């Protein structure tokens, strides 16, 4: 064997070894072993205030300083394209889809052209900055109104590999989604997505809905939240828990593997919300009073 051939084989061997080691590290960081299940079930006889008494606040942003805290929040940006939605998300404050008023952060949907889309809005996340595996995630907000508007408050799992998000492997928890307009302004939905692969999409989903009697979520501020333990998720609106989900099955292991970061966005159109029409008012605001996270004492 010639010297040149030996060198080539050595380089190839080193290259393949590096790929193998990289693959092992990637798998360890992206697909960890699930936590063991230790907690007790929270009974439906226990009130929300009694549950919260066992938790303490570990993160709060009340937006009173009139700025977006870059240590906590990111703009998800115009590169995001989900669900055949019609908007281009803001890349920064200069795009004009976030403003602060009355100690609230406002995401504003506009009918304007940007990046080849006819509508603009914003989506902010705490990815890579604020994330917890378990606890209470809560937001107080006043929702927009009108056909084709789709406000949401949700969680995604992030890996330890550059904070990567591998949906649905890392899980999705929709604390609050509202398909505004078309007589749906009094209803919010809570849903979890899990199982499957990055190629197949989500295999399973579960959740519930909450309906305001004789009112709309655009008329006043309401509190939306979820309590996450290693056994269950409890979704609530104001003081009412409206969904108790058992997540002890092996298919739900994803929720015991990854820390969860927050996403707050206002989508326009898409395959669930439908398109805006002549009755939809622009600009239209999604007002967030505060975001809080609690951990068990």
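Of note:
- Ordered by the count of other Cβ atoms within 10 Å of each Cβ, fewest first, 212, 155 give 212, 155.
- Read-out Rg and Dmax of the Cα atoms in Å, derived from the coordinates shown; its label in (1) 18.9, 59; (2) 17.7, 57; (3) 21.5, 85: (3)
- Build a GNM of the chain with springs between Cα atoms under 10 Å apart, and of 273, 152, 122 the one that fluctuates most is 273.
- Put simply, the Cα atoms of segment 1-90 extend 77, 42, 31 Å along their principal axes, the longest span coming first.
- Rounded to the nearest angstrom and listed largest first, the equivalent-ellipsoid semi-axes of segment 38-141 from its Cα gyration tensor are 33, 17, 13.
- For segment 130-274, the alpha carbon convex hull comes to 108 Å³ per residue, rounded to a whole number.
- Likely footprinting exposure, 39, 91, fewest C-beta neighbours within 10 Å first: 39, 91
- Rounded tilt (10° steps) of 3-30 against the dominant C-alpha axis of the chain: 30 degrees
- Each part gets one Cα centre, and for segment 135-168 versus segment 31-95 those centres are 6 Å apart.
- Stokes-Einstein D in µm²/s, Kirkwood radius over Cα pairs - segment 121-216 at 10 °C with 1.306 mPa s viscosity: 106 µm²/s
- Peptides ranked, highest mean first, by Cβ atoms within 10 Å: ranges 250-257, 135-142: 135-142, 250-257
- In nm, spacing of pseudo-spin labels at residue 91 and residue 12 (7 Å Cα→C-beta vector): 4.3 nm
- Estimated FRET transfer efficiency (residue 251, residue 3; beta-carbon r; R0 41 Å; 0.05): 0.15
- Here the peptides 3-9, 124-130, 162-168 are ranked by packing, the mean other Cβ count within 10 Å, and the order with the highest first is 124-130, 162-168, 3-9.
- Relative contact order for segment 99-176, counting Cα pairs under 8 Å that sit 6 or more residues apart, in percent: 18 percent
- Full-extension gain in nm, residue 80 to residue 164, via 0.36 nm per residue minus C-alpha separation: 28.8 nm
- Taking 286, 261 and counting other C-beta atoms within 10 Å, the order from fewest to most: 261, 286
- Remark: spin-label model distance residue 198-residue 240 equals 4.1 nm, labels positioned 7 Å along the Cα→Cβ axis.
Since every read-out is calculated from the coordinates, none of them should be taken as a lab result. Remember, predicted model here, so these are calculated numbers, not experimental data. Glycine gets a Cβ as well: all are built from the backbone with ideal geometry, and neighbour counts include every protein chain shown.
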